[in-house]
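The values are calculated or read from the model by the stated rules, or taken from the named source; none is laboratory data. In this text, all values refer to a predicted model and were calculated from it rather than measured experimentally. Positions of Cβ are backbone-derived with ideal geometry, glycine not excepted, and every protein chain shown enters the neighbour counts.
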Amino acid sequence: MLGEYTDRPGPRLRASAVRVVAVFGSVLNPVTERDRRRRRVVALCAPFAILVAIAGAYPLLEVVRISVSAEQYRSVGFSLAAYETLFTDPYYREVAFNSLWLAGGTALASVGVAVPVAHALEKYDLPGEDVLVTLVSFPISLPGIVAAFMILVLLGNNGLVTNLFAMLTGRAATDLAIAVSASGLFVAFCYSMIPRATLILRGTYSEVDHAAEEAAQSLGATPWQTFRHVTFPQIRPGITGALILTFRTGLAIFGTLIVIQTVLVWTLQISRELATGYNIQVAGAMATVYFLFTFAFTAFGLRYTDAEVGL
Amino acid sequence: MARITLDSVRKRYGETMAVDGVSLTVDDGEIVGMLGPSGCGKTTTLRTVAGFETPTAGTVSFDERDVTHVPPENRNVGLVFQEYALFDNMTVRGNVAFGLKMRGVGKSERRARADELLDMLGIGEMADRDPTTLSGGQQQRVGLARALAIEPSVLLLDEPMTGLDAKLKARLRDEVGDLLTELDVTGLYVTHDQEEAMLMCDRIAVMNEGRIEQVGTPREVYESPATEFVSEFVALDAPDLPFVRW
Amino acid sequence: MTVAPSRRFGRELVTVILFLTVAFLIAPVLLTFVGSFAGEWSGVFPSEFVTLRNWREVLGLAETIGSQRSMGWDSLLSVGGYTLAVPSELLFSIGLALGGVFINLVVGVPIAYAVARYDFRWDEWVSAISVLPLVPGVILGVAFLRAYPDLSGTSFGLIVGYSLLKAPFMVMAVRSEFESMPLQRLEESARSLGASWPRTFFTVIVPNARSGIVSGAIICWTLAAAEFNFSYIVWAKGTQPLALFLQRHISNSSFTRAAAAVSMFFCIIVAVTVLLQQVGSRGFDPRG
């Protein structure tokens with residue numbers, strides 16, 4: 001009998017079941033204004049939830065499923081072979097290491113540049129400030145492949161900087177070009193990340209308390225001391241937020257790497273797993289590890305630091 | 001217009017009792033002020049009358065009809081806020097006519113009634129303007145006209161004068177007071193300002209910590225406060241006499 | 001008495017860093033645009049000006065070697081012997097991005113309203129999930145290939161993918177607009193006047209937030225049109241999205257022709273940015 005399974009739920013289970021039914025009941029057939037409000041919140045969140053379920057949660061679950069499948073192309077059985085490969089093969093360890101230092105290094109460098117840029121834009125009365133803001137924000141809309149092309153224009157064989165140095169030193173431009181190298185890639189990442197970091201920091205700077213800075217100045221603090229002891233503590237949440245954002249951006253960069261394929265990182269390796277022999281199991285395991293890592297990293301960053309959420 | 005009756009209304013939010021057993025009757029054509037410090041439950045009480053909060057216990061009735069569970073859009077109440085909350089996507093006339101449109105009143109009639117109200121409030125020439133271009137006092141008049149246009153059972157005013165400068169406040173107070181008397185509006189007027197309450201209202205309910213401490217005419221409340229709280233709260237920076245209506 | 005170095009040089013140093021950064025970000029953009037009109041680009045600056053050949057080749061208006069990398073042309077309509085044709089990659093991408101924006105509007109505006117207007121259980125989580133792009137394009141691409149093997153490379157798959165990837169930007173833009181409005185008062189005023197809640201939402205709330213909604217839509221459109229990572233993983237055959245078309249040129253074409261392809265993209269971005277500023281630029285600001 002089917003009924004026997006539901007025959008005697010424990011009293012606590014029954015109480016919570018009653019509560020769940022009550023919530024559903026109040027959403028479907030609201031009596032109080034609070035019920036109606038609950039129904040509205042459900043209705044407002046529903047379209048987004050449906051999109052996330054169809055386009056996000058279900059595909060990701062499928063990826064997790066295939067990554068622990070015993071067979072290569074079908075989700076059957078259970079096997080951790082793909083993860084074993086990822087965690088024991090030194091090749092993947094190097095790929096992971098590449099991703100982490102590239103993203104970490106460029107995040108630090110970009111935020112390091114963005115702090116003085118935001119400082120100048122928000123604190124100094126510069127001529128044409130609106131134009132400068134627009135120019136600094138413009139690269140946000142450029143995809144990684146275009147960022148890579150910009151670096152080719154500056155540092156490639158035909159690059160502006162390359163050829164200026166070639167003219168000055170008398171050496172061949174092709175010997176000086178660094179666009180297609182790890183350092184070129186580093187600069188290309190920074191090209192994408194500096195504008196985003198600046199955007200966040202400008203927001204933080206606009207909330208800085210000017211009175212405290214002026215008070216420090218009038219007490220004889222030098223500009224550097226004022227920055228170090230008064231301004232910096234106030235913009236720290238913005239700096240943490242910008243570091244989290246740029247680090248995540250750095251891990252996700254892919255287009256830049258398609259153009260400048262010099263360092264093998266996690267995202268590029270995922271696409272190679274698919275391109276050579278459609279190794280969806282390992283690609284799936286890599287995607288799962290990546291997703292869990294960034295999710296944990298973001299949740300940790302937002303929970304345990306004073307960072308502000310940003311895109 | 002209608003008689004408003006609150007019967008032992010309670011509203012609890014988790015552990016806090018925001019309104020703790022309020023019973024009050026506002027007679028047809030009467031303006032009752034709800035006076036008290038911030039957090040005393042006066043705004044929550046007003047919101048239960050409007051229908052934005054369903055009381056945890058007790059009932060709200062308009063005349064003989066129990067409206068405790070009727071949603072706000074079916075209650076026919078007029079609302080005027082401190083923040084005006086005009087609809088910036090419509091003209092001034094569009095704002096005033098909005099309630100009539102929701103009731104299916106035809107276009108020409110809507111227009112005529114909106115213009116009539118705007119004239120009455122002295123801003124007839126502003127009808128085609130964008131509300132954001134109006135001054136604070138003018139915006140508040142539009143807010144009042146919008147609420148009056150639906151001929152509400154009760155007009156609820158939530159600190160409508162707060163934020164206006166003293167001179168404008170005094171002028172608007174006299175004008176609006178006269179208009180409400182003339183239109184014979186039933187009103188509930190929430191404020192933390194004793195002077196305003198005493199000048200605008202027929203009776204005053206002084207609230208503290210979710211309860212009504214005293215209900216009476218302004219003179220009764222001022223001259224014979226029922227509790228220590230009332231005497232302290234009302235005596236505190238006592239308004240300049242004479243009062244206009246008692 | 002000595003003057004602290006930061007008082008003497010601090011401001012100059014910071015200003016120099018700003019201008020160097022602007023130069024680093026913008027010089028290659030300008031050079032690319034100038035170079036797209038050059039016949040030859042070797043040495044410091046491009047040379048052999050002014051030629052429209054690169055643009056013509058990229059847009060598929062000139063037959064050359066490597067013209068399979070140029071845009072195809074679709075005839076849009078024919079009237080009396082004249083045919084109005086449009087570059088197919090451009091049209092395709094515009095359409096895909098518009099589809100993504102449409103879904104973003106349907107899912108993004110309501111949830112932005114829920115988060116900005118109401119307090120509810122888990123609201124902080126809902127707010128974080130709705131504005132954080134948690135799944136990067138490459139990962140989503142792999143997931144789509146696995147979950148929807150037949151659909152992922154089609155226009156429908158691309159549109160759905162774009163909409164999920166770009167939804168946070170829509171929610172951000174619309175939410176910051178909503179947060180600048182007296183939402184509760186507006187909603188309560190309209191409802192006290194007799195408008196039901198859905199009617200209030202559509203006739204009062206949404207029209208009042210139109211500038212935020214429009215700028216959110218433009219941002220999402222730009223980002224979806226330029227989306228590369230997801231497209232690269234899932235795209236299989238047929239007309240290419242714009243970003244893949246760009247990559248094809250950057251990786252394979254002559255430098256001047258690649259410059260023309262990238263410049264064409266710049267033109268689109270600039271046009272959209274100008275449009276954005278017209279409707280009151282709010283969206284790129286993280287906090288509004």
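If I ask for residues that are under 21 Å from the mean Cα position of the chain (by Cα), within 23 Å of C:Leu105 (Cβ to Cβ) and within 7 Å of another protein chain (Cβ to nearest Cβ), which ones from the range A:54-65 would you list?
A:Ala55, A:Gly56, A:Pro59
Considering only residues that are more than 9 Å from chain C (Cβ to nearest Cβ), assigned to a helix (DSSP H, G or I) and over 17 Å from C:Val135 (Cα atoms), which ones fall in the range A:277-289?
Residues satisfying the conditions are A:Gln281, A:Val282.
Does the range A:192-249 hold any residues that are charged (D, E, K, R) and within 15 Å of the chain's Cα centre (by Cα), and which are they? I'd like the intermediate steps shown before the answer.
At the first step, the residues of the range A:192-249 found to be charged (D, E, K, R) are A:196, A:202, A:207, A:209, A:213-214, A:228, A:236, A:248.
Correct list: A:Arg196, A:Arg248.
Which members of the range B:54-99 meet the condition of being within 15 Å of C:Ser192 (Cα to Cα), of a type in the set (Gly, Ala, Ser) and not in a strand (DSSP E or B)?
B:Ala85, B:Ala97, B:Gly99, listed by residue number.
Please note which helices (runs of 4 or more DSSP H) are completely contained in the range A:141-223 and include at least 3 residues that are without any contact (Cβ under 8 Å) to a residue 24 or more places away in the chain, crowded, with 17+ Cβ neighbours inside 10 Å and more than 8 Å from chain C (Cβ to nearest Cβ). Give the steps one after another, and end with the answer.
Numbers: elements: A:144-155, A:160-169, A:173-176, A:182-205, A:210-218.
The helices (runs of 4 or more DSSP H) meeting that bar are A:160-169.
Anything in the range A:39-53 that is more than 7 Å from chain C (Cβ to nearest Cβ) and within 18 Å of B:Glu73 (Cα to Cα)? List them, or say none.
Once the filter is applied, which keeps residues that are more than 7 Å from chain C (Cβ to nearest Cβ) and within 18 Å of B:Glu73 (Cα to Cα), the range A:39-53 yields only A:Arg39.
Considering every residue within the range A:7-23, establish whether at least one is more than 30 Å from B:Thr59 (Cβ to Cβ), part of a helix (DSSP H, G or I) and either within 14 Å of chain C (Cβ to nearest Cβ) or small (Gly, Ala, Ser) (or both). Give the derivation first.
Let us first name the residues in the range A:7-23 that are more than 30 Å from B:Thr59 (Cβ to Cβ), namely A:7-14, A:16-17.
Narrowing the set further to residues that are part of a helix (DSSP H, G or I) leaves A:11-14, A:16-17.
Those still in the list that are either within 14 Å of chain C (Cβ to nearest Cβ) or small (Gly, Ala, Ser) (or both) too: A:16-17.
Checked against the condition, which is being more than 30 Å from B:Thr59 (Cβ to Cβ), part of a helix (DSSP H, G or I) and either within 14 Å of chain C (Cβ to nearest Cβ) or small (Gly, Ala, Ser) (or both), the range A:7-23 yields at least one hit.
Residues in the range B:27-41: is at least one within 21 Å of C:Ala195 (Cα to Cα) and at pLDDT 90 or above? Even if it seems obvious, please write down each step before you answer.
Filtering the range B:27-41 down to residues within 21 Å of C:Ala195 (Cα to Cα) leaves none.
Within the range B:27-41 (the criterion being within 21 Å of C:Ala195 (Cα to Cα) and at pLDDT 90 or above), the answer is no, since none of the residues qualifies.
Mind listing whichever residues of the range B:47-74 are touching a residue at least 40 places away in the same chain (Cβ under 8 Å) and either more than 15 Å from the chain's Cα centre (by Cα) or away from chain A (no Cβ under 14 Å) (or both)? Quick ask: steps written out before the conclusion?
Narrowing the range B:47-74 to residues touching a residue at least 40 places away in the same chain (Cβ under 8 Å): B:48-50, B:53, B:55-63.
Of everything in the range B:47-74, those that are touching a residue at least 40 places away in the same chain (Cβ under 8 Å) and either more than 15 Å from the chain's Cα centre (by Cα) or away from chain A (no Cβ under 14 Å) (or both) turn out to be B:Glu53, B:Pro55, B:Thr56, B:Ala57, B:Gly58, B:Thr59, B:Val60, B:Ser61, B:Phe62, B:Asp63.
Have a look at A:Leu268, A:Leu274, A:Leu264, A:Leu292 and point out the one that is at pLDDT 85 or above, assigned to a helix (DSSP H, G or I) and under 30 Å from C:Val262 (Cα atoms). Please lay out each step first, then the result.
Details: A:Leu274 fails: at pLDDT 85 or above; A:Leu264 fails: assigned to a helix (DSSP H, G or I); A:Leu292 fails: under 30 Å from C:Val262 (Cα atoms).
Of A:Leu268, A:Leu274, A:Leu264, A:Leu292, the one residue that is at pLDDT 85 or above, assigned to a helix (DSSP H, G or I) and under 30 Å from C:Val262 (Cα atoms) is A:Leu268.
In the range C:12-39, what residues are more than 18 Å from A:Val133 (Cα to Cα) and facing another protein chain (nearest Cβ under 10 Å)? Walk me through how you get there before you give the answer.
From the range C:12-39, those more than 18 Å from A:Val133 (Cα to Cα) are C:12-13, C:31-39; that's our starting set.
Those that are more than 18 Å from A:Val133 (Cα to Cα) and facing another protein chain (nearest Cβ under 10 Å): C:Leu13, C:Leu31, C:Thr32, C:Gly35.
Which of the following residues is at the interface with chain C (Cβ under 10 Å from one of its Cβ atoms), among the hydrophobic types (A, V, I, L, M, F, W, C), closer than 30 Å to A:Glu62 by Cβ and surrounded by 22 or more Cβ atoms within 10 Å (Cβ to Cβ): A:Phe254, A:Phe295? Full working, then the answer.
Values: A:Phe295 fails: surrounded by 22 or more Cβ atoms within 10 Å (Cβ to Cβ).
None of the other options fit; the residue is A:Phe254.
Being farther than 14 Å from A:Val31 by Cα and aromatic (Phe, Trp, Tyr) is the filter here; which residues of the range B:41-85 pass it?
Once the filter is applied, which keeps residues that are farther than 14 Å from A:Val31 by Cα and aromatic (Phe, Trp, Tyr), the range B:41-85 yields B:Phe62, B:Phe81, B:Tyr84.
Which of (1) under 26 Å from the mean Cα position of the chain (by Cα); (2) of a type outside the set (Phe, Trp, Tyr); (3) crowded, with 23+ Cβ neighbours inside 10 Å is the odd one out, the single condition C:Gly153 does not satisfy?
Condition not satisfied by C:Gly153: (3).
Inspect all residues belonging to the range C:266-280 and state whether any of them is crowded, with 24+ Cβ neighbours inside 10 Å and modelled with pLDDT under 80. Before the answer, list the steps.
Narrowing the range C:266-280 to residues crowded, with 24+ Cβ neighbours inside 10 Å: none.
No, the range C:266-280 has no match at all.
Tell me, which helices (runs of 4 or more DSSP H) wholly within the range C:180-288 include 1 or more residues that are of a type in the set (Val, Ile, Thr) and touching a residue at least 12 places away in the same chain (Cβ under 8 Å)?
Working: elements: C:183-192, C:197-200, C:210-225, C:229-234, C:242-252, C:255-278.
Fully inside the range C:180-288 and qualifying: C:197-200, C:210-225, C:229-234, C:242-252, C:255-278.
Taking A:Ser110 as meeting all but one of (1) surrounded by 17 or more Cβ atoms within 10 Å (Cβ to Cβ); (2) without any contact (Cβ under 8 Å) to a residue 40 or more places away in the chain, write down the number of the exception.
Among (1) surrounded by 17 or more Cβ atoms within 10 Å (Cβ to Cβ); (2) without any contact (Cβ under 8 Å) to a residue 40 or more places away in the chain, A:Ser110 violates only (2).
Could you list, ordered by first residue, the pairs with Cβ atoms under 6 Å in which the first is in the range B:82-94 and touching a residue at least 12 places away in the same chain (Cβ under 8 Å) and the second is surrounded by 19 or more Cβ atoms within 10 Å (Cβ to Cβ) and part of a loop (DSSP other than H, G, I, E, B), at least 6 apart or interchain?
Close Cβ pairs satisfying both conditions: B:Gln82/B:Glu159; B:Val92/B:Ala127; B:Arg93/B:Ala127.
When you scan the range C:180-209, how many residues do you find that are under 12 Å from B:Ala85 (Cα atoms) and either facing chain B (nearest Cβ under 8 Å) or of a type in the set (Asp, Glu) (or both)?
9
Go through the range B:20-53 and count every residue that is closer than 16 Å to C:Arg191 by Cα and among the aliphatic types (A, V, I, L, M). Steps first, please.
Of the range B:20-53, the ones closer than 16 Å to C:Arg191 by Cα are B:46-53.
Now restrict to residues that are among the aliphatic types (A, V, I, L, M): B:46, B:49-50.
Total meeting the criteria: 3.
Here is a list of conditions, (1) at pLDDT 85 or above; (2) facing another protein chain (nearest Cβ under 10 Å); (3) crowded, with 22+ Cβ neighbours inside 10 Å, and C:Phe255 meets all of them except one; can you say which number that is?
So the condition that C:Phe255 fails would be (1).
Give me the strands (runs of 3 or more DSSP E) completely within the range B:100-213, filtered to those with at least 3 residues that are under 20 Å from B:Asn76 (Cα atoms), ordered by residue number.
Details: elements: B:154-158, B:187-191, B:203-208.
Per the criteria, B:154-158, B:187-191.
Please indicate, with yes or no, whether at least one residue in the range B:131-148 is surrounded by 20 or more Cβ atoms within 10 Å (Cβ to Cβ) and closer than 21 Å to B:Glu53 by Cα.
Of the range B:131-148, the ones surrounded by 20 or more Cβ atoms within 10 Å (Cβ to Cβ) are B:131, B:139-148.
Still in the list and also closer than 21 Å to B:Glu53 by Cα: B:147.
Yes, there is a match, as at least one residue in the range B:131-148 is surrounded by 20 or more Cβ atoms within 10 Å (Cβ to Cβ) and closer than 21 Å to B:Glu53 by Cα.
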